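Worksheet for the structure shown next.
The values are calculated or read from the model by the stated rules, or taken from the named source; none is laboratory data. No experiment lies behind these values; they were computed from the predicted model shown. Cβ placement follows ideal geometry from the backbone for every residue including glycine, while neighbour counts extend to all protein chains displayed.
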Amino acid sequence: MIDLARQGLWWRAAWRFMRGSGLLLALVLLLVIGALLSPFFLQPANLLNVARQVAIIGIIGIGMTFVILTAGIDLSVGSTVGWVAIVTAGLMSFGAPWPAAMLAGLGAGALVGMINGLGITRGGLQPFIMTLGMLVIVRGVTMTVSEGRPIPFRDAAEGIAWLGTGALLGVPTAVWVFAIIALLAAFTLRSTTFGRHIYAVGDNREAARLSGINTRRVIFSAYVISGLCAAVSALIIIARLQSGEPRQGLGFELDAIAIVVIGGTSLFGGEGGVRGTVIGAAIVAAMANLLNLLGVSPFSQQIVMGLIILGAVFLERRAAVQEEGR
């Protein structure tokens, strides 16, 4: 019994450490390993590429954080990226002003989030089922509208090029956008009534409802935020590529879930935050970049990502079981 108790304390202490300073330590360790394994890893040009990737996946991860904190999941974010890319690129290719096209793109992302939110809160569908269905539907609509072909808009690209390729003080614009969104999200979750309601709903939805919280509105808003964040990432991507590709965003939902889970947000809701998601995005992007430099195939990288997700969930669940058994 004493050994079991000690083992339980070990699991709880290890997981709490990983959720705290351990994440930063893991990131630093990864950077050191990357520098030792590849002479190109810490070169400025490569670090800028990593920073851009952190921004793209990190913005989606922030939206996913809101959803997972409510004990939900959004599998449609990758398809939303492709949908927003086609909508925005299509409008600009037809001569629409870039501000109007960008607003339409944000609206297209919010629309997917609204449909998800309504299906879950009003239709009574499980988040996994609802967003899985939307993953397929939105991708199908995107492929149908675009006929499976990319939509270039080079004649109108100058208007939004700053978002994808611009820089301020030597830092890519996309990173600044990511930083602003992360700060706003962190403030919202920690310092506003809505943020406290997000945690309350994720911790115990029925108790939150009985305490007077409009749980449907909170959950609906979380999915709209997720759709908007996916749309922002899509705008960054097409601004960089000067083209809307219907297959853009494939697999982004897994990347987003991975960084949120690695960042310590519980898949069971009510625990976690933006800080961990930001660090998780940096870890995942740096790891993917290092594996590319080492010549590891994308297929093998998916194996590594899957193992990381399973390991993080296992540690979380083990710590929770030990906590319950105290």
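Scan the stretch 91-102 residue by residue and report those that are part of a helix (DSSP H, G or I) and more than 12 Å from Ala234 (Cα to Cα).
Leu91, Met92, Ser93, Trp98, Pro99, Ala100, Ala101
From Glu253, Glu245, which residue is closer than 19 Å to Leu135 by Cα, of a type in the set (D, E, K, R) and surrounded by fewer than 24 Cβ atoms within 10 Å (Cβ to Cβ)?
Going through Glu253, Glu245 in turn, the sole match is Glu245.
Please specify each residue of the stretch 136-164 satisfying the condition of being polar (S, T, N, Q) and over 21 Å from the mean Cα position of the chain (by Cα).
Result: Thr144, Ser146.
Tell me the residue from Ala239, Ala200, Ala231 that is assigned to a helix (DSSP H, G or I), of a type in the set (A, V, I, L, M), over 14 Å from Gly109 (Cα atoms) and touching a Leu at 6+ places or on another chain (Cβ under 9 Å), please.
Step by step, each of Ala239, Ala200, Ala231 is checked, and only Ala239 is assigned to a helix (DSSP H, G or I), of a type in the set (A, V, I, L, M), over 14 Å from Gly109 (Cα atoms) and touching a Leu at 6+ places or on another chain (Cβ under 9 Å).
Between Gly244, Gly227, which is under 18 Å from Ile60 (Cβ atoms), touching a strand residue (DSSP E or B) at 6+ places or on another chain (Cβ under 8 Å) and not basic (Lys, Arg)?
Selected residue: Gly244, the only one of Gly244, Gly227 that is under 18 Å from Ile60 (Cβ atoms), touching a strand residue (DSSP E or B) at 6+ places or on another chain (Cβ under 8 Å) and not basic (Lys, Arg).
Scan the stretch 165-194 residue by residue and report those that are over 22 Å from the mean Cα position of the chain (by Cα) and part of a helix (DSSP H, G or I).
Thr193
Given the structure, is Thr265 under 22 Å from Asn49 (Cβ atoms), at pLDDT 85 or above, surrounded by 21 or more Cβ atoms within 10 Å (Cβ to Cβ) and of a type in the set (Ser, Thr, Tyr)?
No, not satisfied.
Would you tally the residues in the stretch 127-169 being surrounded by 12 or more Cβ atoms within 10 Å (Cβ to Cβ), over 19 Å from Thr80 (Cβ atoms) and not small (Gly, Ala, Ser)?
Residues in the stretch 127-169 being surrounded by 12 or more Cβ atoms within 10 Å (Cβ to Cβ), over 19 Å from Thr80 (Cβ atoms) and not small (Gly, Ala, Ser): 4 in total.
Spot the failing condition for Asn116; the list is (1) over 21 Å from Ile236 (Cα atoms); (2) more than 19 Å from the chain's Cα centre (by Cα); (3) of a type outside the set (Ser, Thr, Tyr); (4) part of a helix (DSSP H, G or I), and only one is missed.
Tallying (1) over 21 Å from Ile236 (Cα atoms); (2) more than 19 Å from the chain's Cα centre (by Cα); (3) of a type outside the set (Ser, Thr, Tyr); (4) part of a helix (DSSP H, G or I), Asn116 fails exactly one: (2).
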